[in-house]
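The values are calculated or read from the model by the stated rules, or taken from the named source; none is laboratory data. Since the model is a prediction, treat every value here as computed from it, not as a measurement. Every residue, glycine as well, gets a Cβ built from its backbone with ideal geometry; the counts of neighbours run over all protein chains shown.
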Amino acid sequence: MVRNQLIPTAEILWQQFVERHIALLVRALELLFEKKEEHALLEKDENSISEILSVFLKKAEKEFIEHRDMKFHWELPIFPRDLTELTGGNPKKPDFTAICPPIRPGRRDNYEIPLHVECKKLGKDRATSRKYVKEGILRFDCAAHQYGRGANHGIMVAYLVSGQLEEVQNDVNSYIAEHSPSHNYLKLIFHCNPIAKDEAQFERDHVQPNSFVLVHIWVQLDFNPASFFG
């Protein structure tokens, strides 16, 4: 006799995919934090830090061996799904991408779904907060970049290298209010942990689907962790 089994919906499968990859990313950031002095991360630019993070993502994948779909690709281009999405040979490349296999069988929109990650360096220099918003958050609602296209979630990673958490977060929130008012203010708290996470919902105007959740994960890389607590 065949027992009736509940088949997970596409939404549940996607949520599980996102949660697993957040856990993978957090683990890689923990490994990055542990080696921050060895790699002199404070002196490096954000792209160099992300390249090092890509190595730790590979190491972290081995700890999640039971889930073979858990993998981030470094600087994978956003591929066109059809001829209407051609970029003239200049596709955008989020820092990291995880690809969820098609989960909507029988539907015309049964594409692979990308989980995009954009990484920025943050600190007491207010220019970094502006960049985090204008060249980070806004790329998830930008017709030219199309980060998070076809997905309900995306991820922003911040490498914190200086300044107090409250001041840096306030600076970021001030730019959010100016440039992305539908995005919730961030409320990250470290709780004596080098990694903090928050989720913000906002409505997008230029990328589908409109309703979107952006997960923010900040890792504290300053050599003096107490500097973030005042």
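Listed here are the residues, each with its yes/no results for (1) touching a residue at least 12 places away in the same chain (Cβ under 8 Å); (2) assigned to a helix (DSSP H, G or I); (3) more than 20 Å from the chain's Cα centre (by Cα).
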position	(1), (2), (3)
P80	no, no, yes
P94	yes, no, no
K121	yes, no, no
R130	yes, yes, no
F140	yes, yes, no
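The set of residues in the stretch 109-161 being out of contact with any Asp or Glu (no Cβ under 9 Å at 6 or more places or on another chain), of a type in the set (V, I, T) and modelled with pLDDT of 95 or more is empty. A count restricted to the stretch 128-140 and to residues that are surrounded by fewer than 18 Cβ atoms within 10 Å (Cβ to Cβ) and touching a strand residue (DSSP E or B) at 6+ places or on another chain (Cβ under 9 Å) stands at 2. Among the residues of the stretch 92-101, at least one is exposed (fewer than 13 other Cβ atoms within 10 Å of the Cβ) and closer than 19 Å to I155 by Cα. Among the residues making up the stretch 188-214, those that are under 28 Å from R27 (Cβ atoms) and part of a loop (DSSP other than H, G, I, E, B) are L188, I189, F190, H191, C192, N193, P194. Name the pairs whose Cβ atoms lie under 9 Å apart, with the first residue in the stretch 158-184 and more than 20 Å from K44 (Cα to Cα), the second among the hydroxyl-bearing types (S, T, Y) and assigned to a loop (DSSP other than H, G, I, E, B), and 6 or more positions between them or separate chains? So the pair list comes out as Q169/Y185; V172/Y185; N173/Y185; I176/Y185; A177/Y185. Please tell me if R81 is surrounded by 15 or more Cβ atoms within 10 Å (Cβ to Cβ) and either modelled with pLDDT under 90 or closer than 27 Å to E178 by Cβ (or both). Judged against the criteria, R81 is not a match.
Taking the condition within 28 Å of A143 (Cβ to Cβ), within 16 Å of the chain's Cα centre (by Cα) and not in a loop (DSSP other than H, G, I, E, B), does Y175 pass? Judged against the criteria, Y175 is not a match. Among the conditions (1) in contact with a Gly (Cβ under 9 Å, 6 or more places away or on another chain); (2) surrounded by fewer than 14 Cβ atoms within 10 Å (Cβ to Cβ); (3) under 18 Å from V26 (Cβ atoms), the only one that V117 does not satisfy is (2).
Each row is one residue, and each column tells you yes or no for (1) of a type in the set (A, V, I, L, M, F, W, C); (2) surrounded by 16 or more Cβ atoms within 10 Å (Cβ to Cβ); (3) in contact with a strand residue (DSSP E or B) (Cβ under 9 Å, 6 or more places away or on another chain); (4) closer than 19 Å to K92 by Cα.
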site: R126; (1), (2), (3), (4): no, no, no, no
site: C142; (1), (2), (3), (4): yes, yes, no, yes
site: H153; (1), (2), (3), (4): no, yes, yes, yes
site: V161; (1), (2), (3), (4): yes, yes, yes, no
site: I189; (1), (2), (3), (4): yes, no, yes, no
site: A196; (1), (2), (3), (4): yes, yes, yes, no
site: A200; (1), (2), (3), (4): yes, yes, yes, no
site: N210; (1), (2), (3), (4): no, no, yes, no
site: H216; (1), (2), (3), (4): no, yes, yes, no
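Here N193 meets the list (1) modelled with pLDDT under 90; (2) touching a Phe, Trp or Tyr at 6+ places or on another chain (Cβ under 7 Å) almost entirely, failing just condition (2).
Which ones in the stretch 19-78 are of a type outside the set (A, V, I, L, M, F, W, C), part of a loop (DSSP other than H, G, I, E, B) and surrounded by fewer than 15 Cβ atoms within 10 Å (Cβ to Cβ)? Passing the criteria: K35, E37, E38, D45, E66, H67, R68, D69, E75, P77.
Residue-wise test of (1) aliphatic (A, V, I, L, M); (2) out of contact with any Leu (no Cβ under 8 Å at 6 or more places or on another chain); (3) at negative phi.
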position	(1), (2), (3)
E43	no, yes, yes
K58	no, yes, yes
E61	no, no, yes
L76	yes, yes, yes
D82	no, yes, yes
P102	no, yes, yes
